[in-house]
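Visitor: Quick one: the structure is below, questions incoming.
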2 protein chains.
Amino acid sequence: MKVIIVGATGTIGSAIMQSIGNRHEVVPVSFSKSTIKVDIADKSSISKMFETIGNVDALISATGLAKFGPLATLSDADFALGLQSKLMGQVNLVRLGMNHINDNGSFTLTSGILSRRPMEGSVAISLVNSALEGFGRAAALEMPRGIRINMVSPNWVVDTLKAFNMDPSIGTAADVVAQAYVRALEGTMTGEVIEAV
Amino acid sequence: MKVIIVGATGTIGSAIMQSIGNRHEVVPVSFSKSTIKVDIADKSSISKMFETIGNVDALISATGLAKFGPLATLSDADFALGLQSKLMGQVNLVRLGMNHINDNGSFTLTSGILSRRPMEGSVAISLVNSALEGFGRAAALEMPRGIRINMVSPNWVVDTLKAFNMDPSIGTAADVVAQAYVRALEGTMTGEVIEAV
């Protein structure tokens, strides 16, 4: 399969690249570090990406920004970041991508464990992650031509926890998280939230 | 308790009014039909509402717009409506209301069955309803002074189904849905999604 990976240079995206690069034709895309770049918060950038790449069998998104911080101090802009980037950015990958995915292809988006297991400071991220899961469950009912859509909800990744000086023992290795994306890509499910824990 | 009901003149709001009006001091608020008005999509309107009413023990929100329609034809504005009105409108009732709810008071927001049980055409609404549930689960962890927050997820209401010429037999009576709000108001739970089916 020809597969776009958006966020290909991130912690999870890199692990997905390693997991499927040897048996699929992968097109890596990222905000700044790949040959083909995309700003998912900008619809025209997404359109340009599809024009550059052409039609594919699948798109995997492992990207999107949202703000971590206490509810009492989050600003309107902090909430807007998550809505415009991680949420509508991924929604727009689907809206604009529907005409560029081959028959029986698939979308795989990324939500995250904070949708179901919040923590103090996660309110804007929990909102966005849950929204993506609700979107995907519903969008699966309207995908044309056998196209599937699923959401991977990753646990905290070990490398991310280390970067934030948090206890890495509660995390999941990036290559284990990547297997959830492989199952979504190569499986037959649609409208599902696949917990990668 | 002194309780603000936002959306007091709607189908569900009216039923909540009838359920609790005889034993709590209810302050009805709506977009256009109540003495005190609020446009929840406008933060300054929410601030003005709290200035007018002063502090209360609880706020129940049974309001918010989101667009029903096929994914392939929903516009950016259609998605924005749900994000600005039903989603961030209710989120902002909490953000601005946190300083106006008395100790051990509560917020009760409204999501809806389409979060977990989508249908064709529900994608923008499913997104918003799920987002509200994720927000509420997380916000419960950060509420000060014993304040609780819960989300009621109503089934389709019989009267709404009749209005849309849909089969009313799959619906729930408004007074039954209202009981979920009563449980959230008078109970001790927080961070919960209460399905009113």
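The values are calculated or read from the model by the stated rules, or taken from the named source; none is laboratory data. On a predicted model such as this, the values are computed, not experimentally measured, just so you know. Don't worry about glycine lacking a Cβ; one is built from the backbone with ideal geometry, like all the others, and counts go over all protein chains shown. In case anyone asks, the SASA skips ligands and DNA or RNA and just uses the protein heavy atoms, side chains included. Shrake-Rupley method; radii C 1.70, N 1.55, O 1.52, S 1.80 Å.
Visitor: Any idea which of (1) more than 30 Å from A:N102 (Cβ to Cβ); (2) free of Cβ contacts under 8 Å to residues at least 12 places away in the same chain is the one A:T172 doesn't satisfy?
Guide: With (1) more than 30 Å from A:N102 (Cβ to Cβ); (2) free of Cβ contacts under 8 Å to residues at least 12 places away in the same chain applied to A:T172, the lone miss is (2).
Visitor: Of all residues being small (G, A, S) and either more than 9 Å from every other protein chain (Cβ to nearest Cβ) or out of contact with any Gly (no Cβ under 6 Å at 6 or more places or on another chain) (or both) in the stretch B:101-121, which is surrounded by the most Cβ atoms within 10 Å (Cβ to Cβ)? Just the residue, please. Write out each step before concluding.
Guide: Of the residues in the stretch B:101-121, the ones small (G, A, S) are B:105-106, B:111-112, B:115, B:121.
From the residues that got through so far, the ones that are either more than 9 Å from every other protein chain (Cβ to nearest Cβ) or out of contact with any Gly (no Cβ under 6 Å at 6 or more places or on another chain) (or both) too are B:105-106, B:111-112.
Values: B:G105: 24, B:S106: 25, B:S111: 31, B:G112: 26.
This residue is B:S111.
Visitor: Of the conditions (1) touching a helix residue (DSSP H, G or I) at 6+ places or on another chain (Cβ under 7 Å); (2) touching a residue at least 24 places away in the same chain (Cβ under 8 Å); (3) open to solvent by 10 Å² or more (accessible area, probe 1.4 Å), A:G146 fails just one. Which one is it?
Guide: The failed condition is (1).
Visitor: Moving on. Could you tell me whether B:V29 is open to solvent by less than 10 Å² (accessible area, probe 1.4 Å), over 21 Å from B:L87 (Cβ atoms), under 16 Å from the mean Cα position of the chain (by Cα) and of a type outside the set (F, W, Y)?
Guide: no
Conditions (1) at the interface with chain B (Cβ under 8 Å from one of its Cβ atoms); (2) assigned to a loop (DSSP other than H, G, I, E, B); (3) under 11 Å from the mean Cα position of the chain (by Cα), marked per residue:
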position: A:G69; (1), (2), (3): no, yes, no
position: A:Q90; (1), (2), (3): no, no, yes
position: A:R95; (1), (2), (3): yes, no, no
position: A:I149; (1), (2), (3): no, no, no
position: A:T160; (1), (2), (3): no, no, no
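Visitor: If you don't mind, there's one more thing I want to ask. In the stretch B:16-26, which residue that is in a helix (DSSP H, G or I) and more than 13 Å from the chain's Cα centre (by Cα) is farthest from B:S106 (Cα to Cα)?
Guide: Let us first name the residues in the stretch B:16-26 that are in a helix (DSSP H, G or I), namely B:16-20.
From what is left, the residues that are more than 13 Å from the chain's Cα centre (by Cα) are B:17-20.
Working: B:M17: 17, B:Q18: 19, B:S19: 17, B:I20: 15 Å.
By that ranking, first place goes to B:Q18.
Visitor: Scan the stretch A:71-88 for residues that are open to solvent by 40 Å² or more (accessible area, probe 1.4 Å), at the interface with chain B (Cβ under 10 Å from one of its Cβ atoms) and under 19 Å from the mean Cα position of the chain (by Cα) and jot them down.
Guide: A:Q84 - this is the single residue of the stretch A:71-88 that is open to solvent by 40 Å² or more (accessible area, probe 1.4 Å), at the interface with chain B (Cβ under 10 Å from one of its Cβ atoms) and under 19 Å from the mean Cα position of the chain (by Cα).
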